[in-house]
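Encoded as C-alpha coordinates, the structure appears first; notes follow it.
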Amino acid sequence: MIRTAGEHALLVETGSLELSHRLDAALRAEELGGVVEIVPGPETVLVVAPGVDQGRLRARLEAVVGRERGKAGAGAVEGPVVTIPVVYDGADLDSVAALAGISVAEVISRHSGRELVVGWLGFAPGFAYLTGLDPVLEMPRLDTPRTSVPAGSVAVAGPYSAVYPTASPGGWRLLGRTSVRVWDVAADPPSLFRPGMRVRFQPT
(Lines give C-alpha, C1' and ligand atoms only; values in the text may rest on other atoms or scores of the structure.)
Protein backbone atom coordinates (compact mmCIF):
# COMPACT_ATOMS: atom_id res chain seq x y z
CA MET A 1 0.00 0.00 0.00
CA ILE A 2 1.21 3.51 -0.80
CA ARG A 3 0.07 6.33 1.49
CA THR A 4 0.46 10.10 1.33
CA ALA A 5 2.88 11.34 3.99
CA GLY A 6 2.52 15.08 4.38
CA GLU A 7 2.67 17.44 1.41
CA HIS A 8 5.87 16.19 -0.19
CA ALA A 9 6.22 12.45 0.41
CA LEU A 10 4.74 9.02 -0.16
CA LEU A 11 5.09 6.10 2.24
CA VAL A 12 5.29 2.60 0.76
CA GLU A 13 4.22 -0.13 3.19
CA THR A 14 6.41 -3.08 2.17
CA GLY A 15 5.52 -5.55 4.92
CA SER A 16 9.09 -6.85 5.24
CA LEU A 17 12.65 -5.66 5.73
CA GLU A 18 13.81 -7.63 2.67
CA LEU A 19 11.36 -5.80 0.39
CA SER A 20 12.27 -2.46 2.01
CA HIS A 21 15.93 -3.08 1.12
CA ARG A 22 15.05 -4.21 -2.41
CA LEU A 23 12.84 -1.19 -3.00
CA ASP A 24 15.44 1.20 -1.55
CA ALA A 25 18.14 -0.16 -3.89
CA ALA A 26 15.80 -0.19 -6.90
CA LEU A 27 14.61 3.39 -6.37
CA ARG A 28 18.16 4.68 -6.00
CA ALA A 29 19.09 2.92 -9.25
CA GLU A 30 16.04 4.45 -10.99
CA GLU A 31 17.19 7.98 -10.06
CA LEU A 32 13.63 9.29 -10.06
CA GLY A 33 13.51 12.99 -10.89
CA GLY A 34 12.64 15.26 -7.98
CA VAL A 35 13.22 12.64 -5.28
CA VAL A 36 15.45 14.18 -2.61
CA GLU A 37 15.37 11.47 0.04
CA ILE A 38 14.60 7.75 0.35
CA VAL A 39 14.27 6.40 3.89
CA PRO A 40 13.82 2.62 4.30
CA GLY A 41 12.42 1.21 7.53
CA PRO A 42 11.62 -2.28 8.85
CA GLU A 43 8.39 -2.49 6.82
CA THR A 44 8.21 0.84 4.99
CA VAL A 45 10.05 3.09 2.56
CA LEU A 46 9.50 6.85 2.68
CA VAL A 47 10.04 8.68 -0.62
CA VAL A 48 10.37 12.47 -0.29
CA ALA A 49 9.87 14.50 -3.48
CA PRO A 50 8.92 18.17 -2.95
CA GLY A 51 7.09 19.69 -5.91
CA VAL A 52 6.71 16.40 -7.79
CA ASP A 53 3.27 15.37 -9.06
CA GLN A 54 2.27 12.72 -6.54
CA GLY A 55 0.01 10.86 -8.96
CA ARG A 56 2.86 10.36 -11.39
CA LEU A 57 5.27 9.45 -8.58
CA ARG A 58 2.77 6.96 -7.16
CA ALA A 59 2.48 5.26 -10.55
CA ARG A 60 6.27 4.94 -10.79
CA LEU A 61 6.46 3.55 -7.27
CA GLU A 62 3.71 1.02 -7.96
CA ALA A 63 5.64 -0.24 -10.98
CA VAL A 64 8.89 -0.63 -9.03
CA VAL A 65 7.14 -2.24 -6.06
CA GLY A 66 5.43 -4.75 -8.35
CA ARG A 67 8.72 -5.66 -9.97
CA GLU A 68 10.56 -6.08 -6.69
CA ARG A 69 7.70 -7.96 -5.04
CA GLY A 70 7.95 -10.49 -7.86
CA LYS A 71 11.49 -11.24 -6.70
CA ALA A 72 10.31 -12.27 -3.21
CA GLY A 73 12.20 -15.30 -1.98
CA ALA A 74 15.19 -14.54 -4.18
CA GLY A 75 17.20 -13.65 -1.08
CA ALA A 76 18.33 -10.41 0.47
CA VAL A 77 20.09 -7.69 -1.48
CA GLU A 78 23.84 -8.19 -1.07
CA GLY A 79 25.28 -4.92 0.23
CA PRO A 80 28.94 -4.02 0.74
CA VAL A 81 30.83 -5.30 3.80
CA VAL A 82 32.46 -3.06 6.42
CA THR A 83 34.67 -4.35 9.24
CA ILE A 84 34.51 -2.55 12.58
CA PRO A 85 37.43 -3.13 14.99
CA VAL A 86 36.21 -3.41 18.59
CA VAL A 87 37.92 -3.31 21.96
CA TYR A 88 35.65 -5.55 24.04
CA ASP A 89 35.82 -3.87 27.44
CA GLY A 90 32.26 -2.55 27.78
CA ALA A 91 30.65 -1.80 31.12
CA ASP A 92 27.98 -4.46 30.55
CA LEU A 93 30.15 -7.21 29.09
CA ASP A 94 30.24 -9.25 32.32
CA SER A 95 26.51 -8.87 32.97
CA VAL A 96 25.65 -9.88 29.39
CA ALA A 97 27.75 -13.01 29.84
CA ALA A 98 26.01 -13.77 33.13
CA LEU A 99 22.52 -13.22 31.69
CA ALA A 100 23.34 -15.38 28.67
CA GLY A 101 24.89 -18.09 30.85
CA ILE A 102 28.14 -18.10 28.88
CA SER A 103 31.69 -16.82 29.33
CA VAL A 104 32.89 -13.35 28.36
CA ALA A 105 35.09 -14.98 25.72
CA GLU A 106 32.03 -16.65 24.19
CA VAL A 107 30.09 -13.37 24.18
CA ILE A 108 32.91 -11.84 22.16
CA SER A 109 33.12 -14.86 19.89
CA ARG A 110 29.37 -14.89 19.21
CA HIS A 111 29.18 -11.12 18.65
CA SER A 112 32.12 -11.04 16.25
CA GLY A 113 31.54 -14.44 14.69
CA ARG A 114 28.71 -13.62 12.33
CA GLU A 115 27.89 -11.07 9.67
CA LEU A 116 25.21 -8.56 10.64
CA VAL A 117 23.12 -6.47 8.26
CA VAL A 118 22.14 -2.81 8.56
CA GLY A 119 18.36 -2.97 8.81
CA TRP A 120 17.58 0.73 9.00
CA LEU A 121 18.74 3.97 10.61
CA GLY A 122 16.82 5.72 13.37
CA PHE A 123 16.79 6.99 16.96
CA ALA A 124 19.64 9.42 16.16
CA PRO A 125 21.50 10.46 12.96
CA GLY A 126 23.74 7.57 11.90
CA PHE A 127 22.34 5.13 14.48
CA ALA A 128 22.02 1.83 12.58
CA TYR A 129 19.97 -1.11 13.79
CA LEU A 130 22.11 -4.15 12.92
CA THR A 131 20.06 -7.30 12.38
CA GLY A 132 21.17 -10.95 12.56
CA LEU A 133 22.49 -10.90 16.13
CA ASP A 134 23.16 -14.31 17.67
CA PRO A 135 19.94 -15.11 19.62
CA VAL A 136 21.99 -16.01 22.71
CA LEU A 137 23.02 -12.34 22.93
CA GLU A 138 19.48 -10.94 22.76
CA MET A 139 19.17 -8.85 25.90
CA PRO A 140 16.55 -6.52 27.39
CA ARG A 141 17.46 -2.86 27.61
CA LEU A 142 18.76 -1.57 30.93
CA ASP A 143 16.06 -0.82 33.49
CA THR A 144 17.55 2.65 33.92
CA PRO A 145 19.14 4.14 30.77
CA ARG A 146 22.48 5.87 31.06
CA THR A 147 22.37 9.65 30.78
CA SER A 148 25.32 9.57 28.38
CA VAL A 149 26.82 6.79 26.26
CA PRO A 150 30.14 7.66 24.56
CA ALA A 151 30.33 7.84 20.78
CA GLY A 152 31.74 4.61 19.33
CA SER A 153 30.17 2.40 22.00
CA VAL A 154 29.24 -1.04 20.64
CA ALA A 155 26.08 -2.37 22.21
CA VAL A 156 23.23 -4.88 22.08
CA ALA A 157 19.53 -4.67 22.92
CA GLY A 158 16.75 -7.03 21.94
CA PRO A 159 17.61 -8.72 18.63
CA TYR A 160 19.91 -5.88 17.50
CA SER A 161 23.44 -4.61 17.83
CA ALA A 162 24.56 -1.03 17.20
CA VAL A 163 27.41 1.46 17.30
CA TYR A 164 26.52 4.74 19.00
CA PRO A 165 27.33 7.43 16.40
CA THR A 166 27.50 10.29 18.91
CA ALA A 167 27.40 10.67 22.66
CA SER A 168 23.78 10.36 23.77
CA PRO A 169 21.55 8.88 26.45
CA GLY A 170 20.93 5.18 25.92
CA GLY A 171 19.73 1.98 27.52
CA TRP A 172 21.53 -0.58 25.36
CA ARG A 173 24.06 -2.92 26.99
CA LEU A 174 27.65 -1.94 26.22
CA LEU A 175 30.01 -4.67 24.99
CA GLY A 176 32.92 -2.52 23.86
CA ARG A 177 34.06 0.44 21.80
CA THR A 178 35.43 1.29 18.38
CA SER A 179 37.53 4.19 17.12
CA VAL A 180 35.74 4.12 13.75
CA ARG A 181 33.60 7.21 13.17
CA VAL A 182 30.25 5.95 11.94
CA TRP A 183 28.80 9.48 11.71
CA ASP A 184 30.71 12.43 10.25
CA VAL A 185 28.84 15.55 9.14
CA ALA A 186 31.78 16.50 6.92
CA ALA A 187 31.62 13.21 4.98
CA ASP A 188 29.42 12.42 1.97
CA PRO A 189 27.33 10.58 2.96
CA PRO A 190 27.72 11.46 6.65
CA SER A 191 26.70 7.96 7.81
CA LEU A 192 29.14 5.09 7.33
CA PHE A 193 26.24 2.64 7.53
CA ARG A 194 23.58 2.27 4.85
CA PRO A 195 20.57 -0.07 4.79
CA GLY A 196 21.54 -3.48 3.41
CA MET A 197 25.24 -3.05 4.24
CA ARG A 198 26.87 -6.06 5.91
CA VAL A 199 28.90 -5.50 9.09
CA ARG A 200 31.51 -7.62 10.82
CA PHE A 201 32.96 -6.80 14.24
CA GLN A 202 36.66 -7.60 14.65
CA PRO A 203 38.12 -7.99 18.18
CA THR A 204 41.30 -5.98 18.71
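The values are calculated or read from the model by the stated rules, or taken from the named source; none is laboratory data. Quantities reported herein were computed from a predicted structural model and do not represent experimental measurements. Cβ placement follows ideal geometry from the backbone for every residue including glycine, while neighbour counts extend to all protein chains displayed. These accessible areas exclude ligands, DNA and RNA; they are computed on the full protein's heavy atoms, side chains included. Shrake-Rupley method; radii C 1.70, N 1.55, O 1.52, S 1.80 Å.
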Next on the checklist: Please give me, ordered by residue number, the GluC sites (Glu not before Pro) of region 1-76 that lie in loop per DSSP and have at most 14 other Cβ atoms within 10 Å.
Outcome noted: E7, E31, E43
Checklist outcome for this item: Taking every other residue with Cβ under 12 Å from the Cβ of R146 and scoring Lys and Arg +1, Asp and Glu -1, one gets 0
Item to check | Placed amide H near V86: partners under 5 Å, 5+ positions off or other chain | outcome: Q202, T204
Checklist entry - Could you give me the ³J(HN,Hα) list for region 122-139, computed from phi with Karplus coefficients 6.51, -1.76, 1.60 and θ = phi - 60°, whole Hz, x at Gly and Pro? => result x, 6, 8, x, x, 7, 9, 8, 8, 9, x, 4, 4, x, 5, 8, 5, 10
Checklist outcome for this item: A correct Karplus calculation of ³J(HN,Hα) over region 52-63, with 6.51 cos²θ - 1.76 cosθ + 1.60, θ = phi - 60°, whole Hz and x for Gly and Pro, returns 8, 4, 5, x, 5, 5, 4, 5, 5, 5, 4, 5
Next on the checklist: I need the shape label for region 1-57. Rule: rounded when a/c is under 1.5, else prolate if a/b > b/c, else oblate, with a, b, c from the alpha carbon gyration tensor.
Outcome noted: oblate
Checklist outcome for this item: Going residue by residue through region 5-19, the Karplus relation 6.51 cos²θ - 1.76 cosθ + 1.60 with θ = phi - 60° gives ³J(HN,Hα) values, rounded to whole Hz and with x marking Gly or Pro, of 10, x, 7, 10, 9, 10, 10, 9, 8, 8, x, 7, 5, 4, 5
Checklist entry - In the neighborhood of G113, defined by Cβ-to-Cβ distances under 10 Å, what is the net charge if each Lys or Arg adds +1 and each Asp or Glu adds -1? => result 0
Checklist entry - Per Stokes-Einstein, at 10 °C and 1.306 mPa s, what whole-number D in µm² s⁻¹ belongs to the chain, with the Kirkwood radius over Cα pairs as the hydrodynamic radius? => result 88 µm²/s
Next on the checklist: Let me make sure I get this right: for region 105-146, a, b and c are the square roots of the gyration tensor eigenvalues over alpha carbons, sorted descending. Under 1.5 in a/c it's rounded, otherwise prolate if a/b > b/c, else oblate. Which is it?
Outcome noted: oblate
Item to check | Euclidean distance between Cα centres, region 88-109 to region 153-168, Å | outcome: 15 Å
Checklist entry - How big, on average over all directions, is the shadow cast by the Cα convex hull of region 57-154, in nm²? => result 9.3 nm²
Checklist entry - For region 1-108, what Kirkwood radius comes out of the mean inverse Cα-Cα distance, in Å? => result 16.4 Å
Item to check | Carbon and sulfur %, accessible surface of the chain computed with the full protein complex present, 1.4 Å | outcome: 54 percent
Checklist entry - How much accessible area per residue does the chain have, in Å², with a 1.4 Å probe? => result 49 Å²
Item to check | nm² value of the averaged projected area, convex hull over the Cα atoms of region 92-204 | outcome: 6.6 nm²
